[in-house]
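Accompanying notes for the structure given below.
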Amino acid sequence: MATLDGTTMHQTSKPDPVSRVQRRLTAILSADIAGYSRLMGADEEGTLARLRAVRQELVNPKLVQHHGRLVKTTGDGVLVEFASVVDALRCAVEVQRSMAQRNAEVSPDKRIEARMGINVCDIIFAGADLFGEGVNVAARLERMAEPGGICVSGRAKEDAEGKLNIGFTDLGEHTLKNIAKPIRVFRVEMEAHASHPAPALPEKPSLALLPFPNMSGDPAQEYFADGVAEEIIMALSRVRSLFVIARNTSFTYKGKAVDAKQIGHDLGVRYLLAGSVRKAGERVRITAQLLDAASGSHIWSDRYDGGVEAIFDLQDRITENIVGAIQPSLLLAEIERTRRKRPESLDAYECMLRAYPFIWAFDPVANTTALDHLQRAIEIEPEYSPALALAAWCQARKVIYNWTPALEEAKAEGLRLAKLAGDASNGDPMVLTALGAAHSVIGDLERAAALIEKAVALDPNSAMAWNRSGWVNAFLDRPEIAIEHFERAIRLSPFDPMNFNCYFGIRNAHFAAGRYEESLAWCRKGMLERPELLWPLRSMAACLALLGRIEEAREAVRLLREGHPDITIAQIIAITPHRGDYVRRYAEGLRLAGLPE
């Protein structure tokens with residue numbers, strides 16, 4: 001059978017068909033040559049000669065040195081058994097480092113690059129051969145590795161961590177072909193770096209994008225992989241709430257396997273975005289993942305597929321989706337980071353971050369806690385626009401959700417805070433979005449629409465801005481535009497903690513269009529996400545009543561009044577931002593449902 005050098009190797013012992021089957025725990029290394037068919041097609045004799053030299057001068061001596069047993073060869077790949085995962089990793093790392101040194105001295109079209117996967121598992125032995133799911137896992141890990149790289153299972157990483165001068169990057173859990181349970185995968189980071197002072201971390205979330213390697217085996221696709229990365233960098237750079245490393249610096253890491261912690265140290269960033277591009281036939285697959293540079297831990301990942309016939313549209317869509325998903329993922333990571341700091345050490349930005357989870361809670365007590373954190377931020381920095389805008393929104397929420405009997409006072413305070421935040425003169429999309437949300441409830445809808453329109457223009461990848469645009473358009477009796485904008489928010493950030501609010505927004509838009517069955521369905525979908533919320537019961541009761549389901553409508557009113565015993569139709573209508581016929585039908589539904597006038 002062909003080995004790494006394409007020659008034939010005979011195993012030292014043949015399987016005995018009647019030998020006794022045995023089991024034992026072992027480390028399995030699976031390896032193959034990246035782009036083998038392309039190399040052979042371009043220069044068969046030269047490729048075979050280079051492969052033979054790699055095996056004889058490099059691979060075989062390392063196997064002997066680290067006690068590896070060659071189990072079998074499969075085309076351009078090998079399967080090797082080690083008694084210890086430390087031996088397996090040490091051998092793999094030394095082979096890859098040595099091959100990288102050899103490749104640095106030859107042209108790119110002549111480089112021999114191996115991919116390796118390592119797993120620790122219980123194996124069935126029959127003679128000299130071995131079987132079991134663990135062998136298949138090692139082979140799948142090998143195919144996930146980049147050229148010149150190594151991927152290992154979670155078990156292998158746990159057994160080897162701290163015993164070698166290498167790092168591991170968490171690639172998350174993956175469902176591997178023909179493997180029953182998801183496997184946690186780690187990429188081995190092999191390069192060592194000299195220590196030097198790290199740049200100071202910016203106050204806002206800081207991010208570097210690593211060039212996306214072309215995994216297609218086709219050099220002609222290199223331009224597309226680079227183009228995707230460049231588009232994402234440019235899009236992220238337009239997000240004013242982020243600090244993004246420029247393209248020329250990011251691309252110095254192209255083709256290198258580097259430790260996440262080291263890159264974070266060198267560039268002075270908290271987060272890294274990595275990914276890959278693979279073309280197979282007429283399909284393109286792009287993966288992306290967000291990492292915490294300090295710990296190497298995985299924050300978010302996704303995969304995008306499409307046809308090459310619309311490759312540039314696909315690139316635009318992928319860029320939009322990645323940027324949209326990163327913003328809430330980074331925000332969650334930043335919030336978690338601030339929770340680990342002592343309260344007295346927080347600056348205005350971090351106090352604002354601490355408010356976010358309480359804003360998302362949609363609860364009057366939590367809303368008060370959010371205002372306390374925002375007030376602390378404003379005390380530290382009185383002209384801090386993001387905190388002022390969010391505080392204005394929290395005051396507006398007290399009005400729209402009946403969280404205070406002093407509605408006029410909350411409205412006046414919200415407008416005061418909005419004015420201090422800079423209102424339409426502000427150029428921060430997040431500030432404009434929060435102000436637009438506040439004005440849609442306690443200001444005027446035309447002003448709110450202008451603010452949100454400006455926010456979307458400045459940051460078209462903001463799921464929060466599209467969410468609020470959906471609400472404003474629903475209030476302005478533009479239900480179809482509202483639904484489109486809510487759907488865009490969900491598509492940009494499919495795992496956003498605020499998506500339940502989009503569901504309620506779509507419910508609102510369908511009610512505006514007189515589609516009560518659809519409105520009720522979306523209301524129920526939102527309440528499945530947040531069953532503890534009471535305010536959606538107002539709309540549910542009205543929908544049920546207008547559909548003639550009076551008993552169900554009255555039950556919804558009963559549940560609503562358990563939390564708000566004094567609530568009336570007049571109070572609800574007084575705070576709704578809707579106009580005209582919507583208000584008339586809403587009041588009629590609540591009246592039929594039995595809510596007092």
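The values are calculated or read from the model by the stated rules, or taken from the named source; none is laboratory data. Just so it is clear, the model here is predicted, and its values are computed rather than measured. Cβ placement follows ideal geometry from the backbone for every residue including glycine, while neighbour counts extend to all protein chains displayed.
What the table below lists for this structure:
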quantity: Ala457, sole failed condition from (1) modelled with pLDDT under 90; (2) of a type outside the set (D, E, K, R); (3) under 23 Å from Leu533 (Cβ atoms); (4) in a helix (DSSP H, G or I); calculated: (3)
quantity: Qualifying helices (runs of 4 or more DSSP H) (wholly inside region 14-105; at least 2 residues being within 35 Å of the chain's Cα centre (by Cα) and within 20 Å of Arg140 (Cβ to Cβ)); calculated: 36-42, 85-103
quantity: Total residues in region 479-512, condition without any contact (Cβ under 8 Å) to a residue 40 or more places away in the chain and surrounded by fewer than 18 Cβ atoms within 10 Å (Cβ to Cβ); calculated: 4
quantity: Failed criterion for Glu588 (all others in (1) over 29 Å from Asp444 (Cα atoms); (2) assigned to a helix (DSSP H, G or I); (3) of a type outside the set (Lys, Arg); (4) touching a residue at least 40 places away in the same chain (Cβ under 8 Å) hold); calculated: (1)
quantity: Residue within region 514-522 that is part of a helix (DSSP H, G or I), of a type in the set (D, E, K, R), surrounded by fewer than 22 Cβ atoms within 10 Å (Cβ to Cβ) and in the same structural domain as Tyr582 (by TED's automatic domain parsing) present; calculated: yes
quantity: Tabulated pairs, region 562-585, first small (Gly, Ala, Ser), second not in a loop (DSSP other than H, G, I, E, B), C-beta under 8 angstrom, 6+ apart or interchain; calculated: Ala574/Leu407
quantity: Selection count where residues are buried (at least 19 other Cβ atoms within 10 Å of the Cβ) and of a type in the set (Lys, Arg), scope region 398-430; calculated: 2
quantity: Filter result for Leu415 (without any contact (Cβ under 8 Å) to a residue 60 or more places away in the chain and under 23 Å from Leu353 (Cα atoms)); calculated: yes
quantity: When residues of region 288-304 are limited to those that are free of Cβ contacts under 8 Å to residues at least 60 places away in the same chain and hydroxyl-bearing (Ser, Thr, Tyr), the one nearest to Leu492 (Cα to Cα); calculated: Tyr304
quantity: Filtered residues of region 545-574 (kept if under 41 Å from the mean Cα position of the chain (by Cα), surrounded by fewer than 17 Cβ atoms within 10 Å (Cβ to Cβ) and hydrophobic (A, V, I, L, M, F, W, C)); calculated: Leu547, Leu559, Ile573, Ala574
quantity: The lone exception for Ile326 - which of (1) at pLDDT below 75; (2) of a type in the set (A, V, I, L, M, F, W, C); (3) not in a helix (DSSP H, G or I) it fails; calculated: (3)
quantity: Lone unmet requirement of (1) closer than 20 Å to Tyr401 by Cβ; (2) crowded, with 22+ Cβ neighbours inside 10 Å for Lys525; calculated: (2)
quantity: Some residue of region 189-205 being crowded, with 16+ Cβ neighbours inside 10 Å, at pLDDT 80 or above and farther than 30 Å from Ala387 by Cα; calculated: yes
quantity: Test set (1) assigned to a helix (DSSP H, G or I); (2) at pLDDT 90 or above; (3) of a type in the set (A, V, I, L, M) - Ile572 fails condition number; calculated: (2)
quantity: Residue ID - farthest from the chain's Cα centre (by Cα), chosen from residues in region 442-462 that are buried (at least 24 other Cβ atoms within 10 Å of the Cβ) and aliphatic (A, V, I, L, M); calculated: Ile442
quantity: Listing of helices (runs of 4 or more DSSP H) fully contained in region 332-427 that carry 2 or more residues being aromatic (Phe, Trp, Tyr) and out of contact with any Leu (no Cβ under 8 Å at 6 or more places or on another chain); calculated: 348-360
quantity: Per-region count, region 240-269, residues assigned to a loop (DSSP other than H, G, I, E, B) and in contact with a helix residue (DSSP H, G or I) (Cβ under 7 Å, 6 or more places away or on another chain); calculated: 4
quantity: In region 116-134, residue farthest from Val93 (Cα to Cα) [restricted to those that are of a type in the set (Val, Ile, Thr) and modelled with pLDDT under 85]; calculated: Ile124
